[in-house]
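J.: I have a structure I would like to understand better, so I am pasting it below and will then ask my questions one at a time.
Derivation of every value follows stated rules applied to the coordinates shown; laboratory data play no part. Quantities reported herein were computed from a predicted structural model and do not represent experimental measurements. Positions of Cβ are generated from backbone atoms using ideal geometry, with glycine treated the same way; all protein chains shown enter the neighbour counts.
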């Protein structure tokens with residue numbers, strides 16, 4: 001169980017801070033269950049409610065500063081992900097993001113940046129799907145690494161881009 005004040009990764013909602021743990025008095029909520037009250041880091045507006053005993057959506061604590069430094073140190077040596085089948089790419093992209101494995105996200109970002117460069121070299125734009133997932137992966141990765149290290153998110157993004165190119 002997490003504590004009030006913890007930063008967690010909450011599925012596709014990204015980084016959230018736990019601001020309360022309660023039995024909410026809201027329509028549709030099971031009043032017998034404890035819920036985390038979460039504030040998304042990317043908007044800081046609104047609140048999300050997640051059952052504390054949730055087992056359907058990835059819910060994990062943000063990595064430590066030491067783990068973040070290890071990932072940043074390893075990033076340059078991480079190989080790009082192989083994206084074998086264009087027809088299945090949307091499903092495989094979703095699976096990568098759902099797993100919430102930061103090393104795999106770096107592989108994913110590298111693969112998408114390679115695809116982007118290949119398209120640009122042939123006079124084409126990046127596909128809308130690739131661009132959407134690239135932004136999601138960069139945002140998730142950079143946000144978590146920034147929170148873990150206490151660094152500025154834009155500085156982290158620049159480090160990641162340098163490691164991926």
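J.: Within the bounds of the range 127-141, is there any residue that is outside any helix (DSSP H, G or I) and on the phi < 0 side of the Ramachandran plot?
T.: We begin by selecting, within the range 127-141, every residue outside any helix (DSSP H, G or I); these are 127.
Retained after the next criterion (residues that are on the phi < 0 side of the Ramachandran plot): 127.
Yes, the range 127-141 has at least one match.
J.: Could you tell me whether any residue of the range 21-36 is closer than 18 Å to residue 147 by Cβ and in contact (Cβ under 8 Å) with a residue 12 or more places away in the chain? Give the steps one after another, and end with the answer.
T.: We begin by selecting, within the range 21-36, every residue closer than 18 Å to residue 147 by Cβ; these are 36.
Restricting the remaining residues to those that are in contact (Cβ under 8 Å) with a residue 12 or more places away in the chain gives 36.
Within the range 21-36, one or more residues are closer than 18 Å to residue 147 by Cβ and in contact (Cβ under 8 Å) with a residue 12 or more places away in the chain.
J.: Can I ask one more? Check the range 91-110 and report whether any residue there is free of Cβ contacts under 8 Å to residues at least 40 places away in the same chain and touching a strand residue (DSSP E or B) at 6+ places or on another chain (Cβ under 7 Å).
T.: The answer is no, given that none of the residues of the range 91-110 is free of Cβ contacts under 8 Å to residues at least 40 places away in the same chain and touching a strand residue (DSSP E or B) at 6+ places or on another chain (Cβ under 7 Å).
J.: Do we have residue 113 as more than 20 Å from residue 12 (Cα to Cα) and surrounded by 15 or more Cβ atoms within 10 Å (Cβ to Cβ) here?
T.: When the stated conditions are applied, residue 113 passes them.
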